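Student: Here it is, the structure, as structure tokens.
The values are calculated or read from the model by the stated rules, or taken from the named source; none is laboratory data. From a predicted model like this one, the values you see are computed outputs, not experimental measurements. FYI the Cβ positions are ideal-geometry reconstructions off the backbone, even for glycines, and counts take in every protein chain you see. For accessibility, only protein heavy atoms count, side chains too; no ligands or nucleic acids. Shrake-Rupley method; radii C 1.70, N 1.55, O 1.52, S 1.80 Å.
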Amino acid sequence: MIKMAVVNSQPLKFKVADYKEDIWNDWCVGCGDFGIIAAIQIALANLQTPPHQVAVLSGIGCSGKTPHYINAYGFHTLHGRVLPSATGAKIANHKMTVIAVGGDGDGYGIGAGYFLNTGRRNLDFTYIVYNNGVYGLTKGQSSPTLARGLKTKSMPEAAIQDGVNPIAVALGAGYTFIARGYALDPKHLAGLIQQAIEHRGTALLDVLQTCPTYNDLYTKEWYSGDAGQKRIYKLEETGYDPVVRDTSNLDEIVAKKSQALMKSYEWGARIPIGVYYQAHAPTYDDALMERTPALREKSLAEMQIDNRDVAPLFRALG
Amino acid sequence: MAHNTFDLTWMIGGPQGGGVNASAELLAKAFSRAGLSVFANIEYHSNIMGKHSYYRVRVSDDAVHSHVDHAHILVALDGETLFGDHHHNKEFPTHYGHVAEVVRGGAIIYNSTPDPSDEDLHAIKDAAMLREKIQRDDVLLYPLPFTDILKTALAKLGREKEFRALGIMNNTILVGASVALFGFDPARMEAIVRETFKGRRAALADLNVHVLETTYAYLRDNFPNHFEFKIKNGEPKLDQILIRGVQAAAIGKIQAGLGLQSYYPISPATDESVYLEEQQRKFNFVVVQAEDEIASINMAVAAAHMGVRASTSTSGPGFSLMPEGIGFASITEAPLVLVNYQRGGPSTGQPTRTEQGDLQQALHFGHGDFQHIVVAPGDPAETFYDMFHAFNWADRYQMPVIMLLDKFLASTYTTIQTPDTQNLKIDRGDIYTPADPQQNGYLRHAVTQSGISPRAIPGTEGAIFWTTTDEHNPKGHISEGVENRMAQSDKRFRKLELAEKEIPDDIKYTLYGPKKAAVTIIGWGSSKGAILDAVRALADDGLAANFLQLRVMRPFPTDAVEKILGKAKKIVSVECNYSAQLADLVQEKTCVRVARRVVKYDGRPFSQNEVVSGVLKALKGKGERVVIVTGQEHLNAAVKKTVKKSPAPKAKEKVR
């Protein structure tokens, strides 16, 4: 499914290094974020998308610093608002590759309303959530994905509310590409990001990410599993088929969503990563272009605006 | 000094959804097309069907900019319009009926064949009984059997059976009766009806014209022609249009090159976005209905960064959700235009009522020292032009521009000269284009002398940039450096200083009336019309007043205001809010004290009469706050004087 961009053994125009912005990175040593950003850069290099045709937007938190480390148009927006920002950016220039990133507190807590409604729209962009169960930048409070009863070393008390299941919510919200990756397997993650970018529609990629500083529960060791059996396994290696073949067939959609839902509750001895669900459905971009055919040629940002004649609008009034 | 030969007000009251809007707007359009000056405003509840709403249409052969508290014709679609809701809404009535507003010699038109569910009106057996109940022997009563007139009209066409389905024709009957009383040219009325029912609805045009004629005949046959208030039919003005504030705002945005409008439904702002939705295919822009106002503003800010002209429109409760996003635009230097249609606050407040209560919020919406521009146009023409300029300023100074409108301005129809778009030039500000696309090094937030950092449009090769809501360095990366923080703050504020120098004075403020006056009224926004008309009325009464309208609230024209008000003999502020927020702003920005404050905060706009009596009261006092309440001024002396006296007609009424 992954289309490699290597053609005719010619040297690639853009190398992974071309997607790096060379400034001081202040993430903690051993942070899972390094794996995610590397995966984004590998995916972009694989796709050979020119850096100036990429916009990376982020929320607030450790993950929010991602755009600063990527050589692409970068917008470090507000806490919880990265999805509406990405929506506005994509509608304004649908020719660009838009990637939104944020933490689980950003997306599933303060930004939960946007997480839900963005799924309804199915605009063509990618949303990567750095899911580590804690609010890192404010020093380790429980985040929306931390389960009831758990207590990390930074929490004075255990969590007394349930964690949200983002994949289950995404299925209900209508995301047409839902996947889960693991930050410490950047090669596999890069493949998922590449698929997410290539998917037409909104792609949710929930990434299990380790916070070595504040989350002493979901560590690299924990994810690695007990001796003998790895906790994390890849759905595609089990013959799992996430793709809806006939999007006009509601029974098939329900069946594929049901199996994804069941997989999303698999959390403990075994944790599946990979693509949970994918359907090729009409996008918001398609609807806009159908409504305004000029958008097929030009983005809103490119549209000529200094030639409008409003005289007929005035005449049509009383 | 007479300015006009007639100045008449027609008023209609009835249940929401019962035809109040349709008939008032038809009439307003007919008067406008006849070259007359029209001011038509509505009051309605936050309710879909059934609650009392009323519409006033003031018409004159000289410019009118406001409504008055009296009416020459009152059309009552139901009993509540006549008797109020105080007998079934005892504790907190919204009104006591509109009969007291009818002038001597005025007319009351009502349905003498009402639905039995309208108990109040159904109980009125004949005109004599109504006269007894309302205790007015100085007005003319026109009981019109809507049912019979419509049946007669349909019978002539052999369409009696459609009677129930065509109940909507009641509107045509009452409009017909009204224009007949006013002596308005029937040919013009017919032309408007035919224009309204075009295309697929053309068949309705003939029917409506027929109902009009049946109504004229009924009136001729059943009532003596005693009604003395006549409209003089003038000459059509080709450059005149009838427009509401929301339409002016929307068309201003289109003219300015709007690319993306985001919104979340909220009264009274929604109409603007709906109008834009109707036009988006034609002009190649996009309207997005967002999931809430926070999403709306973030969509707009990001779209603005991407190079499109982006805007969002909302009202108080939505505006209260947006400060975070305005701050985002301010620190990242995004050109954003935001419209706040003020309504009664705080919180949900009064969704369909008007207030000028968000001025201080618009100026001080969020945390930190931020840069933005605040503009408050006073009428639809200013709304159109200011909206156009707002986009230019947003682009040039790369900061949010807040447009403060309100429910009154949004929903009121006024006649204006068609705006002249010839000299409106789009200015996108300083745009960065790299000399060599292979050479990076562009600084989005470069520190410049003017404060303006040329902005690149994302997608441009060789112009990759970063920006962040954190304080940032010129390249757009997070910085907590001491000197950098100073340099970035200073450069952002230099843009505001530049805006202060460059925005023309004649947009920032206007002094109306004589330079020397016994009293200077200060006001802003939608109160402008009532103040303008009041200044004229006061002059007719021998009091020389002038009016300083403030329009650009930030950057505030401190020097000019101080100069004008420093010379003023007496200063009175007039505004629709509890605390006189403009008066406070003037005191904050200048050395001038504004003690005499006329305020109104019952959710209804100032009428001309209310401003007159408010100013007179304020001048008599020693600086007390004068509170105006709707419905309590129109019977006082100030108003009686402005209403033309006429002998009480001895009407011979047909008893039904």
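Student: Can we say B:A499 is over 30 Å from B:Q398 (Cα atoms) and either touching a residue at least 40 places away in the same chain (Cβ under 8 Å) or surrounded by fewer than 22 Cβ atoms within 10 Å (Cβ to Cβ) (or both)?
Tutor: no
Student: Something else about it: Go through (1) touching a helix residue (DSSP H, G or I) at 6+ places or on another chain (Cβ under 7 Å); (2) surrounded by 22 or more Cβ atoms within 10 Å (Cβ to Cβ); (3) of a type in the set (S, T, Y) and name the single condition B:S527 misses.
Tutor: Only one criterion in (1) touching a helix residue (DSSP H, G or I) at 6+ places or on another chain (Cβ under 7 Å); (2) surrounded by 22 or more Cβ atoms within 10 Å (Cβ to Cβ); (3) of a type in the set (S, T, Y) is unmet by B:S527, namely (1).
Student: Given the structure, is B:L181 modelled with pLDDT of 95 or more and in a helix (DSSP H, G or I)?
Tutor: yes
Student: Are there any pairs, at least 6 apart or on different chains, whose C-beta atoms fall under 7 Å, with the first in segment A:247-259 and in contact (Cβ under 8 Å) with a residue 60 or more places away in the chain and the second crowded, with 16+ Cβ neighbours inside 10 Å, and if so, which?
Tutor: Correct list of pairs: A:K257/A:L171; A:K257/A:Y277.
Student: I'm checking my understanding of the structure. Among residues of segment A:245-265 that are within 20 Å of the chain's Cα centre (by Cα) and among the aliphatic types (A, V, I, L, M), which one is nearest to A:H280 (Cα to Cα)?
Tutor: Looking at residues that are within 20 Å of the chain's Cα centre (by Cα) and among the aliphatic types (A, V, I, L, M), I get A:A260.
Student: How many of the residues making up segment A:260-288 are open to solvent by 30 Å² or more (accessible area, probe 1.4 Å) and among the hydrophobic types (A, V, I, L, M, F, W, C)?
Tutor: The number of residues fulfilling the criteria is 6.
Student: Same structure, new question: Taking B:T152, is it assigned by TED's automatic domain parsing to the domain that holds B:Q16, modelled with pLDDT of 90 or more, within 20 Å of B:L174 (Cβ to Cβ) and surrounded by fewer than 17 Cβ atoms within 10 Å (Cβ to Cβ)?
Tutor: yes
Student: Further, regarding this structure: When you look at B:V574, is it part of a helix (DSSP H, G or I) and open to solvent by less than 20 Å² (accessible area, probe 1.4 Å), yes or no?
Tutor: no
Student: I've got another one for you. Could you go through segment A:31-48 and let me know if any residue there is at pLDDT 95 or above and either facing chain B (nearest Cβ under 8 Å) or farther than 21 Å from A:A183 by Cβ (or both).
Tutor: yes
Student: Among the residues that make up segment B:209-222, is at least one of them modelled with pLDDT under 95 and among the charged types (D, E, K, R)?
Tutor: no
Student: How many residues are of a type in the set (D, E, K, R) and open to solvent by less than 30 Å² (accessible area, probe 1.4 Å) when one looks only at segment B:256-280?
Tutor: Summing the residues that are of a type in the set (D, E, K, R) and open to solvent by less than 30 Å² (accessible area, probe 1.4 Å) in segment B:256-280 gives 1.
Student: How many residues does segment B:101-124 hold that are under 21 Å from B:N609 (Cα atoms) and open to solvent by 50 Å² or more (accessible area, probe 1.4 Å)?
Tutor: The number of residues fulfilling the criteria is 1.
Student: Moving to a separate point now. For segment B:220-255, which residues satisfy the criterion of being buried (at least 24 other Cβ atoms within 10 Å of the Cβ) and more than 8 Å from chain A (Cβ to nearest Cβ)?
Tutor: B:R244, B:G245, B:V246, B:A248, B:A249, B:A250, B:G252, B:K253
Student: Taking segment B:530-546 on its own, how many of its residues are surrounded by fewer than 24 Cβ atoms within 10 Å (Cβ to Cβ) and either among the basic types (K, R) or in a strand (DSSP E or B) (or both)?
Tutor: So the count comes out to 2.
Student: Here's another thing I want to ask about it. Scan segment A:268-275 and tell me whether some residue there is in contact with a helix residue (DSSP H, G or I) (Cβ under 6 Å, 6 or more places away or on another chain), more than 14 Å from chain B (Cβ to nearest Cβ) and not in a loop (DSSP other than H, G, I, E, B).
Tutor: So far as segment A:268-275 goes, yes, one or more of its residues are in contact with a helix residue (DSSP H, G or I) (Cβ under 6 Å, 6 or more places away or on another chain), more than 14 Å from chain B (Cβ to nearest Cβ) and not in a loop (DSSP other than H, G, I, E, B).
Student: Would you mention how many residues in segment B:442-473 are in a strand (DSSP E or B) and away from every other protein chain (no Cβ under 11 Å)?
Tutor: Residues flagged as in a strand (DSSP E or B) and away from every other protein chain (no Cβ under 11 Å) within segment B:442-473 amount to 1.
Here's the yes/no breakdown for (1) surrounded by 20 or more Cβ atoms within 10 Å (Cβ to Cβ); (2) at pLDDT 95 or above; (3) of a type outside the set (D, E, K, R); (4) in a loop (DSSP other than H, G, I, E, B):
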position: B:A560; (1), (2), (3), (4): no, yes, yes, no
position: B:I564; (1), (2), (3), (4): yes, yes, yes, no
position: B:L619; (1), (2), (3), (4): no, yes, yes, no
position: B:L635; (1), (2), (3), (4): no, no, yes, yes
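Student: Scanning segment A:294-306 for residues that are open to solvent by 60 Å² or more (accessible area, probe 1.4 Å) and facing another protein chain (nearest Cβ under 9 Å), which turns out farthest from A:A170 (Cα to Cα)?
Tutor: Restricting to residues being open to solvent by 60 Å² or more (accessible area, probe 1.4 Å) and facing another protein chain (nearest Cβ under 9 Å), the top hit is A:D306.
Student: Being buried (at least 21 other Cβ atoms within 10 Å of the Cβ) and of a type in the set (D, E, K, R) is the filter here, so list the residues in segment B:577-615 that pass it.
Tutor: B:R596, B:R597, B:K600, B:R604, B:E610
Student: Can I ask one more? Please go through segment A:64-85 and pick out each residue that is open to solvent by less than 10 Å² (accessible area, probe 1.4 Å) and either more than 7 Å from chain B (Cβ to nearest Cβ) or touching a Lys or Arg at 6+ places or on another chain (Cβ under 6 Å) (or both).
Tutor: A:G64, A:T66, A:I70, A:G80, A:V82, A:L83
Student: Criterion first (open to solvent by less than 10 Å² (accessible area, probe 1.4 Å) and at pLDDT 95 or above) does B:S53 satisfy it?
Tutor: no
Student: Condition test on B:S273, is it at negative phi, more than 14 Å from every other protein chain (Cβ to nearest Cβ) and among the small types (G, A, S)?
Tutor: Yes: the conditions hold for B:S273.
Student: Something else now. List the helices (runs of 4 or more DSSP H) inside segment B:281-359, counting only whole elements, that have at least 1 residues being touching a strand residue (DSSP E or B) at 6+ places or on another chain (Cβ under 7 Å) and open to solvent by 10 Å² or more (accessible area, probe 1.4 Å).
Tutor: So the answer is B:293-305, B:316-319.
Student: Which one is nearest to A:A86 (Cα to Cα) among residues in segment A:123-135 that are open to solvent by 10 Å² or more (accessible area, probe 1.4 Å) and assigned to a loop (DSSP other than H, G, I, E, B)?
Tutor: A:D124
Student: Okay, next question. Name the residues in segment A:170-193 that are in a helix (DSSP H, G or I), within 20 Å of A:A281 (Cβ to Cβ) and open to solvent by less than 20 Å² (accessible area, probe 1.4 Å), would you?
Tutor: A:A170, A:L171, A:A173, A:L192 - these are the residues of segment A:170-193 that are in a helix (DSSP H, G or I), within 20 Å of A:A281 (Cβ to Cβ) and open to solvent by less than 20 Å² (accessible area, probe 1.4 Å).
Student: Same structure, new question: Determine which single condition B:M403 fails, assuming it passes every other condition in (1) crowded, with 22+ Cβ neighbours inside 10 Å; (2) away from every other protein chain (no Cβ under 14 Å); (3) farther than 27 Å from B:I251 by Cα.
Tutor: For B:M403, the exception is condition (3).
Student: Hey, another quick one. Residues being in a helix (DSSP H, G or I) and more than 21 Å from B:R396 (Cβ to Cβ): count how many of those fall in segment B:502-529.
Tutor: Adding up the residues that qualify gives 5.
Student: Same structure, new question: Tell me whether segment A:224-231 contains one or more residues that are in contact (Cβ under 8 Å) with a residue 24 or more places away in the chain and of a type in the set (S, T, Y).
Tutor: Checking segment A:224-231: not a single residue is in contact (Cβ under 8 Å) with a residue 24 or more places away in the chain and of a type in the set (S, T, Y).
Student: Run B:S262 past the list (1) in a strand (DSSP E or B); (2) touching a residue at least 60 places away in the same chain (Cβ under 8 Å) and report the number of the one that doesn't hold.
Tutor: The number of the failed condition is (2).
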